Amino acid sequence: MMTKERMDSIKEVLKPKIVEKLIGEDKVELRGDEVVLKGEYYKKQVRIALKNCDIVDPTNIEEYIAFDGYYALYDSLTKKKPGDIVEEIKNSLLRGRGGAGFPTGRKWDEAYRYQADKKYIICNADEGDPGAFMDRSILEKDPHSVLEGMALGGYAIGSDQGYIYVRAEYPMAVKRLEIAIKQAREYGLLGENIFGTGFNFDIELRLGSGAFVCGEGTALMESIEGRRGMPRPKIHRTAHVGLWGKPTIINNVETLANVPVIINKGYEWFRGIGTEESPGTKVFALVGKVENAGLVEVPMGMTLREIIFDIGGGAQDGKEYKAVQTGGPSGGCIPADLIDTPVDFESLGKIWSIMGSGGMVVMDENTCMVDIAKFFLDFSVEESCGKCVPCREGTKRMYEILDRITKGEGVEGDIERLEELSETVSSASLCGLGQTAPNPVITTLKYYRHEYEDHIHNKSCPAKSCKPLIKYFIEDTCIGCTRCAKACPVSCISGKVKELHVIDQSMCIKCGACYDVCPVKPIKAVSII
Amino acid sequence: MQVTINGKNYDVEKNTTILKACKDAGIEIPTLCHDDRLSPSGACRLCLVEVEGWKNLHTSCTAICKDNMVIQTHSDKVIKGRQEVLDLLISNHPLECLTCEKSGACKLQDYCYEYGITEGTYRWEMKKPYFDSSNPFYNFDSRKCILCGLCVRVCDELQGTSAIGFENRGFETNVATPFNEGLINSTCVSCGNCVSVCPVGALEPKSKEKFRYWETRDVRTTCSYCGVGCQMDLVVKGNKVVDVKPAFDALNEGLLCVKGKFSYNFLSHPDRLKRPMVKKDGVFVETSWEEAYNLIVNKMKSVKEYYGSEAFAGLTSARCTNEENYLFQKMFRAVLGTNNVDHCARL
Ligand SMILES: Cc1cc2nc3c(=O)[nH]c(=O)nc-3n(C[C@H](O)[C@H](O)[C@H](O)COP(=O)(O)O)c2cc1C
Ligand code: SF4
Ligand code: SF4
Ligand code: SF4
């Protein structure tokens with residue numbers, strides 16, 4: 001059995017060793033008495049959910065303990081009542097990091113109050129947003145923080161069984177979780193009579209097969225129960241009627257990783273970080289056309305500018321920054337002039353986007369907004385479970401319209417049709433997937449309507465990205481170097497050395513190879529019109 | 001509890017869905033995927049209603065009434081929502097009503113008519129067709145399927161066979177058997193309950209008759225195949241049975257088995273015996289009931305006289321009711337004096 005004394009002695013021996021080693025490797029520095037990663041990229045970050053990532057060895061439970069791991073569980077089981085934990089989380093105003101931002105404490109309270117012979121707690125580790133890898137990092141690099149968060153949740157609501165629903169495409173995460181669960185059982189931190197308090201709690205893994213919709217809470221439960229992952233109609237709350245009809249709490253990986261830290265440091269500390277209504281931090285996967293892509297964890301309320309420019313280094317290759325897409329396929333595109341918007345649940349909501357699970361895709365001047373809307377919608381079309389009519393049929397029709405527009409086949413009335421379909425799909429779909437699928441279209445129509453109009457009426461793509469609408473053309477500044485002719489994969493460029501080259505438009509496949517190789521400066525002789 | 005529907009107040013019990021409350025109040029709400037006997041699904045989104053204070057339209061089949069709820073079932077917003085749903089459905093549905101056997105009894109056809117939807121605004125890409133005609137009694141045509149899921153749920157929840165489910169995702173979702181091996185290779189017992197619930201012409205009996213539902217009348221009867229006594233409606237055109245529908249207000253609650261549902265062809269089969277026959281000079285000839293009974297009685301008497309009671313053996317049929325079987329054994333035991341009675345169900 002694990003005891004406080006044993007944890008203390010592990011911490012005393014191990015922590016100085018780990019810190020010494022990491023400082024020796026020049027990987028970390030001390031911020032107060034906290035050990036944080038070193039470097040420009042981490043300066044503005046505040047790490048709660050990622051606090052142990054790249055610092056402790058995820059395959060060694062003792063290193064997690066050395067960094068205060070399982071102390072929150074010990075204190076709770078020995079000194080606090082379940083209701084106290086629920087109160088603490090409620091007071092912290094922690095909001096779900098899986099997408100919807102629902103107050104975690106309120107959810108727990110519902111399950112805590114509901115009497116039942118069996119309750120479940122589920123960790124949603126399905127992370128299906130394209131380009132997202134926040135949860136994956138936590139699972140791979142600090143799995144015990146999730147296990148401890150779940151055990152605390154289990155104690156709070158009166159559950160003795162947890163499930164982690166993790167996608168099979170994350171083999172490393174699965175492996176690390178398996179090791180972590182095994183070690184936690186060996187150390188008596190999972191299983192029966194934890195810390196000798198009579199509290200029993202165990203965790204099992206369930207592997208998902210990579211359907212985005214299985215991240216939706218009720219579809220996930222269907223999947224755990226062995227059926228096809230399709231959302232259930234929302235008649236009852238899952239906190240009352242969930243997995244196998246029992247009260248069930250489902251929380252995101254990052255939400256759960258926050259829990260032990262909140263219990264350890266207290267809700268006042270947590271509320272001191274971030275904004276009043278959205279306290280704490282959020283992990284983002286900063287990707288796309290950004291200089292420094294990667295995971296960042298920042299206090300809520302930091303502006304987009306600070307994240308994208310100060311941490312991310314702005315748009316790649318010196319190009320002009322155009323927009324950022326937050327919230328994945330359910331989110332919205334935020335134009336450059338709103339770059340000073342603080343990133344928290346309320347502020348993003350006000351400008352029609354969402355926090356989502358933390359995807360942040362940066363776009364530069366060459367990104368066509370119609371094409372981006374089409375890209376995200378394509379994802380929703382593919383991932384719709386097919387159950388309800390508006391999502392199954394409606395998103396497909398929206399995609400078809402967008403596809404036509406980007407091919408220069410848009411017609412009068414397409415924008416209105418898109419707006420009408422957006423309204424139907426978002427207001428009449430069964431689950432969050434359909435309800436939010438039109439968001440990328442709605443926001444790009446709101447902020448970049450002129451791009452749609454250009455495509456439809458002038459058959460032109462202002463970002464010069466939609467191939468059917470652009471032409472490569474060689475200006476008479478051509479120096480006749482022949483590089484383009486050599487680069488052209490379909491050999492449709494003719495011209496003699498030191499003479500003007502010409503592209504045969506009927507054969508051109510618009511790959512842009514000629515543009516890339518043209519050496520003429522400062523303006524290339526190949527232009528895109 | 002009280003709710004207001006379309007401006008009028010109604011008393012409802014706790015835990016009543018809005019759909020049920022409306023039905024009890026005599027207000028018709030269109031549904032394609034709802035069946036009182038099955039778990040609610042919320043798939044078709046046609047039963048949308050507007051509830052005061054709620055941002056989005058809500059499916060009435062999955063929303064529970066709350067005290068003082070104010071509900072609109074036919075507001076402009078609701079009608080528009082339903083029209084859009086129907087438009088999306090019909091846009092991906094073959095317009096073959098002229099040749100479709102379901103015409104006249106198709107809910108999609110009826111609702112499109114009611115809500116003024118014609119050929120569909122979005123008649124662009126159609127989903128890939130998939131047919132399964134491997135079952136001897138019925139066909140599946142995915143092009144007509146609107147994915148209401150009633151067949152899947154009835155097979156799973158009431159029939160208890162779970163032979164079919166959904167395959168693929170999104171626009172290409174289909175009803176199919178596991179690994180798409182076809183109904184004939186599945187656990188399907190051909191009960192036809194999926195065919196009975198299908199609101200459109202996707203699941204259709206392999207009927208040998210040409211008929212239109214408006215040319216037929218329903219005749220309620222008791223299935224004669226076994227003693228359970230399922231109630232059913234014979235669909236009769238002229239004087240011929242052309243289809244069978246399970247009855248709902250009966251013990252069998254809208255279910256039948258393969259025999260009751262599909263095996264009615266004997267009714268008007270030319271080989272069917274309509275009068276008693278006796279063998280005269282080696283050939284069967286028609287006779288009167290009077291003569292037939294007399295013959296039986298006389299033969300029984302003489303056999304009993306010559307050979308005794310143990311010369312008799314009686315075998316009865318599962319098509320008889322309990323009462324008939326009781327009378328049968330009583331006749332053998334009390335009248336003929338033997339215990340040699342048995343029943344085909346022993347086999
Ligand atoms: C289509 C869809 C996909 C989702 N995928 C995920 C996911 O991959 N991970 C996740 O944590 N939540 C996902 N969610 C949100 C969950 O439904 C649920 O709100 C969340 O897991 C609750 O945890 P939280 O309150 O801690 O955020 C998804 C929701 C929808 C509608
Ligand atoms: S909204 Fe889309 S994903 Fe959700 S239940 Fe409907 S079809 Fe399935
Ligand atoms: S005929 Fe009966 S067993 Fe076969 S698929 Fe239909 S409902 Fe299921
Ligand atoms: S076959 Fe008929 S009952 Fe089954 S899902 Fe399709 S439309 Fe519904």
Residue ID - farthest from ligand 2 (Cβ to nearest atom), chosen from residues in segment A:351-376 that are within 17 Å of the chain's Cα centre (by Cα) and in a helix (DSSP H, G or I): A:375
Taking the options B:101, B:119, name whichever one is in contact (Cβ under 8 Å) with a residue 40 or more places away in the chain and either more than 20 Å from residue B:46 (Cα to Cα) or more than 12 Å from every other protein chain (Cβ to nearest Cβ) (or both). B:101
Complete set of residues in segment B:192-221 that are touching a helix residue (DSSP H, G or I) at 6+ places or on another chain (Cβ under 9 Å) and more than 14 Å from ligand 4 (Cβ to nearest atom): B:206, B:208
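Let's see how each residue does on (1) at pLDDT below 95; (2) of a type outside the set (S, T, N, Q); (3) under 18 Å from the mean Cα position of the chain (by Cα):
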position: A:141; (1), (2), (3): no, yes, yes
position: A:145; (1), (2), (3): no, no, no
position: A:156; (1), (2), (3): no, yes, no
position: A:186; (1), (2), (3): no, yes, no
position: A:191; (1), (2), (3): no, yes, no
Name the residue that is farthest from the chain's Cα centre (by Cα), counting only residues in segment A:427-441 that are within 15 Å of ligand 2 (Cβ to nearest atom) and among the aliphatic types (A, V, I, L, M). A:428
Of the criteria (1) in contact (Cβ under 8 Å) with a residue 24 or more places away in the chain; (2) part of a loop (DSSP other than H, G, I, E, B), which one residue B:242 fails: (2)
Here's a check for you: in segment A:426-452, which residue that is within 12 Å of residue A:394 (Cβ to Cβ) and hydroxyl-bearing (Ser, Thr, Tyr) is nearest to ligand 4 (Cβ to nearest atom)? A:429
From (1) assigned by TED's automatic domain parsing to the domain that holds residue A:126; (2) at pLDDT below 95; (3) farther than 16 Å from residue A:122 by Cβ, pick out the condition that doesn't hold for residue A:230. (2)
Looking at segment B:146-162 only, could you name the residues that are among the hydrophobic types (A, V, I, L, M, F, W, C), buried (at least 20 other Cβ atoms within 10 Å of the Cβ) and more than 19 Å from residue A:433 (Cβ to Cβ)? B:146, B:148, B:150, B:151, B:152, B:154, B:155
State which residue pairs qualify: first residue free of Cβ contacts under 8 Å to residues at least 60 places away in the same chain and inside segment B:188-204, second residue assigned to a strand (DSSP E or B) and near ligand 4 (Cβ under 6 Å from one of its atoms) in any location, beta carbons under 6 Å apart, and separation of 6 or more residues or different chains. B:194/B:203
Segment A:367-383: number of residues that are of a type in the set (Ser, Thr, Tyr), within 14 Å of chain B (Cβ to nearest Cβ) and either within 16 Å of ligand 4 (Cβ to nearest atom) or closer than 23 Å to residue A:468 by Cα (or both): 0
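Give A:38, A:43, A:79, A:107 a once-over and let me know the one that is at pLDDT 95 or above, surrounded by fewer than 21 Cβ atoms within 10 Å (Cβ to Cβ) and not small (Gly, Ala, Ser).
A:79
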Residues (part of a loop (DSSP other than H, G, I, E, B), surrounded by 13 or more Cβ atoms within 10 Å (Cβ to Cβ) and at pLDDT 95 or above) located in segment B:105-120: B:105, B:106, B:115, B:117
Matching residues, segment B:127-178, being more than 14 Å from chain A (Cβ to nearest Cβ), touching a Ser or Thr at 6+ places or on another chain (Cβ under 8 Å) and among the hydroxyl-bearing types (Ser, Thr, Tyr): B:138, B:161
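Taking strands (runs of 3 or more DSSP E) that fall entirely within segment B:1-93, which contain at least 2 residues that are modelled with pLDDT of 95 or more, closer than 28 Å to residue A:394 by Cα and more than 16 Å from ligand 2 (Cβ to nearest atom)? Even if it seems obvious, please write down each step before you answer.
Values: elements: B:2-5, B:8-11, B:48-51, B:69-72.
Output list reads B:48-51, B:69-72.
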Residues located in segment A:47-76, provided they are assigned to a loop (DSSP other than H, G, I, E, B) and surrounded by fewer than 20 Cβ atoms within 10 Å (Cβ to Cβ): A:54, A:57, A:59, A:60, A:68
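Quick check: is even one residue across segment A:343-359 of a type outside the set (A, V, I, L, M, F, W, C), within 12 Å of chain B (Cβ to nearest Cβ), in contact (Cβ under 8 Å) with a residue 12 or more places away in the chain and buried (at least 24 other Cβ atoms within 10 Å of the Cβ)?
Restricting attention to segment A:343-359, the residues satisfying the condition of being of a type outside the set (A, V, I, L, M, F, W, C) are A:344, A:346-347, A:349-350, A:353, A:356-359.
Within this subset, residues satisfying the condition of being within 12 Å of chain B (Cβ to nearest Cβ) are none.
Taking every residue of segment A:343-359 in turn, none turns out to be of a type outside the set (A, V, I, L, M, F, W, C), within 12 Å of chain B (Cβ to nearest Cβ), in contact (Cβ under 8 Å) with a residue 12 or more places away in the chain and buried (at least 24 other Cβ atoms within 10 Å of the Cβ).
Yes or no, residue by residue, for (1) at negative phi; (2) among the aliphatic types (A, V, I, L, M):
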{"site": "B:278", "(1), (2)": "yes, yes"}
{"site": "B:281", "(1), (2)": "no, no"}
{"site": "B:284", "(1), (2)": "yes, no"}
{"site": "B:288", "(1), (2)": "yes, no"}
{"site": "B:292", "(1), (2)": "yes, yes"}
{"site": "B:298", "(1), (2)": "yes, no"}
{"site": "B:311", "(1), (2)": "yes, yes"}
{"site": "B:318", "(1), (2)": "yes, yes"}
Looking at B:305, B:291, B:323, which one is of a type in the set (Asp, Glu), part of a helix (DSSP H, G or I) and modelled with pLDDT of 95 or more? B:305
With the requirement that a residue be of a type in the set (D, E, K, R) and over 30 Å from residue B:49 (Cα atoms), what does segment A:423-477 give you? A:449, A:451, A:453, A:454, A:459, A:464, A:467, A:471, A:475, A:476
Taking segment B:34-61 on its own, how many of its residues are out of contact with any Asp or Glu (no Cβ under 7 Å at 6 or more places or on another chain) and at the interface with chain A (Cβ under 10 Å from one of its Cβ atoms)? 13
Contact list, first residue from segment A:416-440 and free of Cβ contacts under 8 Å to residues at least 24 places away in the same chain and away from chain B (no Cβ under 11 Å), second anywhere and assigned to a loop (DSSP other than H, G, I, E, B) and among the basic types (Lys, Arg), beta-carbon distance below 6 Å, six or more apart or interchain, is none
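Rundown of residues vs (1) out of contact with any helix residue (DSSP H, G or I) (no Cβ under 7 Å at 6 or more places or on another chain); (2) near ligand 4 (Cβ under 9 Å from one of its atoms), yes/no style:
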position: B:130; (1), (2): yes, no
position: B:134; (1), (2): no, no
position: B:139; (1), (2): yes, no
position: B:142; (1), (2): yes, yes
position: B:148; (1), (2): yes, yes
position: B:158; (1), (2): no, no
Output for segment B:147-164, where each listed residue is over 18 Å from residue A:387 (Cβ atoms) and either over 14 Å from the mean Cα position of the chain (by Cα) or within 16 Å of ligand 1 (Cβ to nearest atom) (or both): B:160, B:161, B:163
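Among A:406, A:395, A:444, A:424, which is the only one that is more than 16 Å from ligand 2 (Cβ to nearest atom), surrounded by 24 or more Cβ atoms within 10 Å (Cβ to Cβ) and under 39 Å from the mean Cα position of the chain (by Cα)?
A:444
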Does segment B:267-279 include one or more residues that are touching a strand residue (DSSP E or B) at 6+ places or on another chain (Cβ under 6 Å), touching a residue at least 24 places away in the same chain (Cβ under 8 Å) and either part of a strand (DSSP E or B) or over 24 Å from residue B:109 (Cα atoms) (or both)? yes
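The values are calculated or read from the model by the stated rules, or taken from the named source; none is laboratory data. Since the structure is predicted, the reported quantities are computational estimates derived from the model, not experimental observations. Backbone-built Cβ (ideal geometry, glycine too); neighbour counts: all protein chains shown.
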